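The values are calculated or read from the model by the stated rules, or taken from the named source; none is laboratory data. Here the structure is a predicted model, which is why all the values come from computation and not from measurement. All Cβ positions, even for glycine, are placed from backbone atoms using ideal geometry, and neighbour counts span all protein chains on display.
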Amino acid sequence: MSNPFDDAQSRIREAGARAGLDADTVAQLCVPFREIHMNIPVVRDTGVLEFVRAYRVQHNRWRGPYKGGIRFHPDVNLDEVRALAAWMTIKTAVANLPLGGGKGGAVIDPKTWTEAELERLTRGYVRACEEVIGPSKDVPAPDVNTGPREMDWIVDEYATLTGDTSGAVVTGKSLACGGSEGRGTATARGGLIVLLALRERLGLPARARVAIQGFGNAGRTFARLASEAGFRVVGVSDSRHAVCCADGLDVAALERHKDISGSVGGFIDSACQTNDDLFALDCDVLVPAALENALHEGNAAGVRAKVILELANGPVTPEADRLFEQEGIVVIPDVLANAGGVTVSAFEWEQNKTGEHWTGDQVDVRLADVMEKAAQEVWSVHEELKVSLRTAAYVVALRRLQTAFDARR
């Protein structure tokens, strides 16, 4: 499997060349500004002291404070975090948000940790990087295996250490601790807004068939919203099973089944059993909504969708990307497709700093405005330069970053 940070650098260089960007700008965007390596001491419930390897990568802040999630996963590694931080720099610029890019992670399997142990780890993470995070420095958020609970712990620990009670040190908090309305559905809603904005140009029918890989928060929310918008959800998978139905799945019933059984498996008798079965499904739109590198050179040839909407971060490897371009399969890239999450995070950050609380309708209207503008801008560059939507999105971002860099010289 390719190195994700090498991939991120390659895409930045390619887009920089297509946009005719200054070489110094491109060079600086290919390396993170700062990397924090931590060994966080955590006393497990057994009384044993364990040191957890963790990272915070601060990639770029030309347009505003570093911004990006913290994930807890056994496969977290430095190059992955570097790549995710770089993608956040691009993503915030694509959405034209006043933020930069960062990312963090801890190398653990949270399924084997108790809630008390996870709280001690999360607070330890804050103590280890207290001096380099904050509302005007670096604003973390949830990511894989983290959520409002962990963000609330971070707010409390940061307030204890610094006296800052604004809550603006992180986003993705619970509503009780200063979170924003609409944050839980923002990634999926933003992706659907982009798909609807480009639907006619992509030649998608009114009842387009959608297959979704991943039935966590983003995937199941997208399934529900897409179904409500008139799309036909013909396939869904989780980490263990897949189900499909050419006539369309009853998404509400599938959600209830998942909540009760813990899996989408067994919902109906289905020819689909695995993620690769789902990827090969005859559909109009394929939505990878789980982890990185889901679509690669080993399974890309089987994809039959017309359009791929990257709701996950980095779900398509460069090798698969090239194959899709050759086959005429349009990829709507993650830095555009899933930017709804960071957009509503930016709204939360703004609300915390000003002491406001917007209604869900206000958030949805503002999100639609940001995402529709971003989709149109990316499409315009796609037509201007005759490049893929991914390269076009990077060009949009790099042009904005170049402007910010020039203003700082």
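If you go through the range 127-185 one residue at a time, how many are on the phi > 0 side of the Ramachandran plot and among the small types (Gly, Ala, Ser)?
Final tally of qualifying residues: 6.
Considering only residues that are more than 19 Å from residue 227 (Cα to Cα), in a loop (DSSP other than H, G, I, E, B) and not hydrophobic (A, V, I, L, M, F, W, C), look in the range 249-271 and name the one that is farthest from the chain's Cα centre (by Cα).
Ranking the qualifying residues of the range 249-271, first place goes to 269.
Please specify each residue of the range 322-338 satisfying the condition of being outside any helix (DSSP H, G or I) and among the β-branched types (Val, Ile, Thr).
329, 330, 331, 332
Restricting attention to the range 100-152, and to residues there that are acidic (Asp, Glu) and not in a helix (DSSP H, G or I), which single residue is nearest to the chain's Cα centre (by Cα)?
143
Being surrounded by fewer than 22 Cβ atoms within 10 Å (Cβ to Cβ), under 23 Å from the mean Cα position of the chain (by Cα) and modelled with pLDDT of 95 or more narrows it down to one residue among 327, 350, 310, 319; which is it?
From the options 327, 350, 310, 319, the qualifying one is 350.
Exactly one of (1) touching a residue at least 60 places away in the same chain (Cβ under 8 Å); (2) assigned to a loop (DSSP other than H, G, I, E, B) is unmet by residue 222. Its number?
For residue 222, the exception is condition (2).
Only one of these is touching a helix residue (DSSP H, G or I) at 6+ places or on another chain (Cβ under 8 Å), more than 19 Å from residue 30 (Cβ to Cβ), of a type outside the set (A, V, I, L, M, F, W, C) and free of Cβ contacts under 8 Å to residues at least 60 places away in the same chain: 105, 101, 47. Name it.
105 is the lone residue from the list that is touching a helix residue (DSSP H, G or I) at 6+ places or on another chain (Cβ under 8 Å), more than 19 Å from residue 30 (Cβ to Cβ), of a type outside the set (A, V, I, L, M, F, W, C) and free of Cβ contacts under 8 Å to residues at least 60 places away in the same chain.
Inside the range 1-38, can you point out the residues that are surrounded by fewer than 16 Cβ atoms within 10 Å (Cβ to Cβ) and small (Gly, Ala, Ser)?
The answer is 2, 10, 17, 20, 23, 27.
Checking residue 341 against (1) part of a strand (DSSP E or B); (2) closer than 23 Å to residue 398 by Cα, which test does it fail?
(1)
Of a type outside the set (A, V, I, L, M, F, W, C), touching a Pro at 6+ places or on another chain (Cβ under 8 Å) and either touching a residue at least 24 places away in the same chain (Cβ under 8 Å) or not in a helix (DSSP H, G or I) (or both) - does that describe any residue in the range 272-286?
For the range 272-286, residues of a type outside the set (A, V, I, L, M, F, W, C), touching a Pro at 6+ places or on another chain (Cβ under 8 Å) and either touching a residue at least 24 places away in the same chain (Cβ under 8 Å) or not in a helix (DSSP H, G or I) (or both): present.
Do any residues in the range 112-123 that are closer than 19 Å to residue 144 by Cβ have Cβ atoms under 6 Å from those of residues that are in a helix (DSSP H, G or I) and not aromatic (Phe, Trp, Tyr), where the two are at least six apart or on different chains, and which pairs are they?
What qualifies is 122/150.
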